[in-house]
1. Just the number: Rg to Rh for the stretch B:15-96, Cα atoms, Kirkwood Rh, two decimals.
2. Hey, rough spin-label estimate for residue A:242 and residue B:214, points 7 angstrom out along Cα→Cβ, what's it come to in nanometres?
3. Using 0.36 nm per residue, how much length does the chain from residue A:76 to residue A:258 gain when fully extended, once their Cα-Cα distance is taken away?
4. What does DSSP give for chain B in terms of the percent of beta bridges that are antiparallel, rounded to the nearest 5?
5. Classify the stretch B:30-145 from the C-alpha gyration tensor, please: rounded if a/c falls under 1.5, else prolate or oblate depending on whether a/b exceeds b/c.
6. Just to be sure I understand: with springs between alpha-carbon atoms less than 10 Å apart, which residue in B:64, B:238, B:227 has the highest mean-square fluctuation in the Gaussian network model of chain B?
7. Enumerate by residue number the GluC sites (Glu not before Pro) in the stretch A:110-189 meeting two conditions: DSSP loop (anything except H, G, I, E, B), and at most 14 other Cβ atoms within 10 Å of the site's Cβ.
8. Return the average number of partner chain Cβ atoms within 10 angstrom of each residue Cβ along peptide B:196-202.
2 protein chains.
Amino acid sequence: MSPNQPGQMPPKVPIQGVKNLIAVGSGKGGVGKTTVSVNLAVGLAQLGHRVGLMDADVYGPNVPLMMGINRTPMAYGERIQPLDQLGVKLMSMGFLNPGDKPLVWRGPMLHSVIQQFLRGVDWGELDYLIIDLPPGTGDVQLSLIQTAPITGAIVVTTPSDVSLEDARKAIHMFHQVRVPILGIVENMSFLNCPHCHERIDVFSHGGGRRTAKEMQVHFLGELPLDPQIRIGGDTGSPIVMRKAEGEPFLELARNAVARTAEVAQQEGPKIEISE
Amino acid sequence: MSPNQPGQMPPKVPIQGVKNLIAVGSGKGGVGKTTVSVNLAVGLAQLGHRVGLMDADVYGPNVPLMMGINRTPMAYGERIQPLDQLGVKLMSMGFLNPGDKPLVWRGPMLHSVIQQFLRGVDWGELDYLIIDLPPGTGDVQLSLIQTAPITGAIVVTTPSDVSLEDARKAIHMFHQVRVPILGIVENMSFLNCPHCHERIDVFSHGGGRRTAKEMQVHFLGELPLDPQIRIGGDTGSPIVMRKAEGEPFLELARNAVARTAEVAQQEGPKIEISE
């Protein structure tokens, strides 16, 4: 299908109409991977791009809450129609299983759901499809990044050693399956006290940049730990939409665009299927 | 094996010598599940109990870093000897795969590793064996809680709606497989600014207690978000060992002891196998 696939990998069939597929992953959960995915997607839309966001965290799908939308998607024929919110096309297991009941599916069922989300959803023409991966480096993640034509991956970490330890594992995982790393994002990088405005390094500071240097990957920026970000997530109003507080997330979106262009160029010409 | 097993479940064979098996879980990663597990284990040891801690988070095993120990365990015959640190017997995939390389194992391999950790480790005589579950409600968690004779489960959450949404899923999962809930712990409940000492509700506040009430489970307490806790984790010195800052974690250990006794009584007489 593509002339420049590495040797032993299965062919990665392009997703029709989707120019760039960006995976957002983390070694550890709770580092703000979904917060980054949601704000990156909305930020890219604000910059004028056509954007989709696929929530691949089928066990803990938080995208509906953070995007402030939860309806059952329609299907026309065999194609599922994504929801549309804040200028972003959305698909999440949360739309299909909206209650508190856990999905205790086993691996093979997950693989087919995720493939369905990738290929059975009518994404239309997109400049960027963001995939919010499940946290960790398990078999769901591995299957997805082995079969999807991912342009590049963003690894989210906090500055704590525990999170960095797991972020290095995630970077190794992407290297193993030859997915280019767009860069590391250090989330919860610092907190400015809302009372005295002094800076608090709750989860330490600087480990993301240091790890990026050590592992020779790009550093995409620091995002603050700000109660407003959490409130934005809990109320479905992503912080990137705010003028001042949103700026670090818009900057991340700009950096992601630049890195995606670099990586796409290094990868050589892409074959796109069009009708 | 036991006269009071619910109908369709496979028999849960007791672990020889282990009186109480406590699972610490969360719907979402990064809420401090391992921090709670480590401090609970060390706290129980400080209260005079014989304690083991099994790190079942095989993809992101952070127990070695947080307990400040990383050696390859010895095996005598077919029994693996747990490591001993701060008065707690330990087993973790981190001891067997200490580098940054990710484990990208598929489900069935995980099940056998976890069974090996439960049954192939020479835990000896323990009052409490704490299992630090992987985050989420996936198949690894399900297999483990279906096959292990768990006395009760602790669910860790932060006060944010996103975390509470996933905590409810975890509680449903334990209910489904009839594992008693010892209670909910609200972690990262509040932060006292180290500069002005004003309180900051970074991740909101009170949702753990409210959710416990709604779901008719016990509430085990609030734990602060304190940079010292993270530093304790990153340097292998669990905060529970400190006189003042450790008190909320010691209190959690006392509450866990009380709730375990209640639950064990409700469950009726246990059959123990001894030599």
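Computed from the coordinates by the stated procedures, all read-outs in this text should not be read as laboratory data. Computed from a prediction, not measured in an experiment: that's the story for all the values here. Glycine also receives a Cβ, built like all others from the backbone with ideal geometry; neighbour counts cover every protein chain displayed.
1. Numbers: Rg = 12.7 Å, Rh = 13.4 Å.
Result for the stretch B:15-96 is an Rg/Rh of 0.95.
2. 2.4 nm
3. Values: separation 182, 0.36 × 182 = 65.52 nm, distance 3.57 nm.
Length difference between fully extended and current span is 61.9 nm.
4. Of the beta bridges lying entirely in chain B, close to 20 percent run antiparallel.
5. Values: a/c = 1.44, a/b = 1.23, b/c = 1.17.
Rounded, because the longest to shortest axis ratio a/c is under 1.5.
6. Checking each option, the largest mean-square fluctuation is seen for B:227.
7. Working: sites: A:125, A:165, A:186; in loops: A:125.
Those that pass, being in a loop and sparsely packed, are A:125.
8. Numbers: counts 5, 3, 4, 1, 9, 3, 10.
Taking all residues of B:196-202 together, the mean is 5.
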